[in-house]
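Written below as C-alpha cells is the structure these notes are about.
The values are calculated or read from the model by the stated rules, or taken from the named source; none is laboratory data. Note that the coordinates shown come from a computational prediction; the quantities given were computed from them, not determined experimentally. Here the Cβ positions follow ideal geometry from the backbone for every residue, glycine too, while neighbour counts run over all protein chains shown. Protein only, heavy atoms only, side chains kept; ligands, DNA and RNA dropped before computing areas. Shrake-Rupley method; radii C 1.70, N 1.55, O 1.52, S 1.80 Å.
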Amino acid sequence: MSSLEPFADAIAFAHDPSLELRQAQTAAEHDLERTAALASAALSPASSAPSSLSAKLAADALQFCASTQPTQSAVAPGFTTPTPRPLGAMMSFVLGAAAAGLFVWLATSASPTAPSAAALRADTLAAAPGLQRQWTPGPSPMRGDMRGDVVWRQEHQDGWLTFRDLPELPADRTYQLWIIDGNREGAPVDGGVFTIDGNDEETLVTIRPALPIGAAKSFVVTVEDRGGVVVSKQEHVVAIASL
C-alpha cells in the first residue's frame, strides 16, 4: 500500500455527502429539541417564570431560528452539495411557527388581567365603604328571606348587587332591576335582568343600566316575565334599596 493511500481514504471519507447529510440531520434534530424546550418553557400555562425570563426565552428562540436559515456560500467548482431533504423545510416551518406563537403569547400575556367583579367590588368598598346599601325586603311574598346589598359607582355608571336566600324562579320568570333616577322624570331605568343559581349561596350581579343615570336615588328588584319588560307593573317587588 502506498503511503499516500490512508490520506486519500481520509479525504474521500471527509467529503462523503451521505456522512455530511447525516451529521446535518443530527444537528438539526438537536437544535429542534432545544427550540421546542424553549417554547414549552415559555408557553406552559403553569409556568411561573417572570416576564423577563419569558422574554429572554422568546428572544433565544427567534435568534436560533434566524441562525438556522440557509445562507448562500461559495462552492468550489467541481464539487456538489447534498440535495436538501423535506426535513429541513419542515423543521424551518416548525421553528418559525413556534417562535411566532411564542411572541403572540407574550404579547397577549403582557396585558394585565382584568379584575373579577367580586375583586373590583371589594376594592371599591375598601376605598369607599359608604357606597354600600342594604336591601329592604319588598312587599311581595316571592321575596323569600332575601338579604344582601347594593354598591353603586356613579362616576363609572355601574355597580353590583348581592343576594342571599333569594328564591329561584320558574323558567318562565326572571328578576329585573330598576333604577330610580332623581334627574329623570317618568318610569325607572332598566338595570338588567338576572336569575338566581341557588339560594344557598351568595349571588353577585353586575348593574348595567340601559340609560345614563344622573342621580341614582333607589334600586328596586321585581319579578317579571322571562326576558324582562320595558315598563314594570311592579306586581312583585322583592327588594328595595335607597341611596
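Quick look at the values:
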{"read-out": "Matching residues in segment 149-169 - criterion: being open to solvent by less than 80 Å² (accessible area, probe 1.4 Å) and under 19 Å from Lys217 (Cβ atoms)", "value": "Asp149, Val150, Val151, Trp152, Arg153, Gln154, Gln157, Asp158, Gly159, Trp160, Leu161"}
{"read-out": "Candidates Val238, Val223, Val205, filtered to the one that is assigned to a strand (DSSP E or B) and closer than 21 Å to Arg121 by Cα", "value": "Val205"}
{"read-out": "Where Gly191 falls short, out of the listed (1) within 26 Å of Ala127 (Cβ to Cβ); (2) in contact with a strand residue (DSSP E or B) (Cβ under 7 Å, 6 or more places away or on another chain); (3) surrounded by fewer than 18 Cβ atoms within 10 Å (Cβ to Cβ)", "value": "(3)"}
{"read-out": "Close pairs from segment 189-209: first at positive phi, partner modelled with pLDDT of 95 or more and assigned to a strand (DSSP E or B), Cβ under 9 Å, at least 6 apart", "value": "Gly192/Gln176; Gly192/Leu177; Gly192/Val205; Gly192/Thr206; Gly192/Ile207"}
{"read-out": "For Lys217: the one exception among (1) without any contact (Cβ under 8 Å) to a residue 60 or more places away in the chain; (2) over 34 Å from the mean Cα position of the chain (by Cα); (3) buried (at least 16 other Cβ atoms within 10 Å of the Cβ); (4) not in a loop (DSSP other than H, G, I, E, B)", "value": "(3)"}
{"read-out": "Among (1) at pLDDT 95 or above; (2) among the β-branched types (Val, Ile, Thr); (3) open to solvent by 70 Å² or more (accessible area, probe 1.4 Å) - the single one Ile180 does not satisfy", "value": "(3)"}
{"read-out": "Exclusive hit being modelled with pLDDT under 95, surrounded by fewer than 18 Cβ atoms within 10 Å (Cβ to Cβ) and farther than 20 Å from His236 by Cβ, set Gly144, Gly186", "value": "Gly186"}
{"read-out": "Meets criteria (open to solvent by less than 60 Å² (accessible area, probe 1.4 Å) and more than 17 Å from Ala241 (Cα to Cα)) for Ile196", "value": "yes"}
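Residue-wise test of (1) polar (S, T, N, Q); (2) modelled with pLDDT under 95.
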site: Val193; (1), (2): no, no
site: Asp197; (1), (2): no, yes
site: Glu201; (1), (2): no, yes
site: Leu211; (1), (2): no, no
site: Thr222; (1), (2): yes, no
site: Val231; (1), (2): no, yes
site: Ile240; (1), (2): no, no
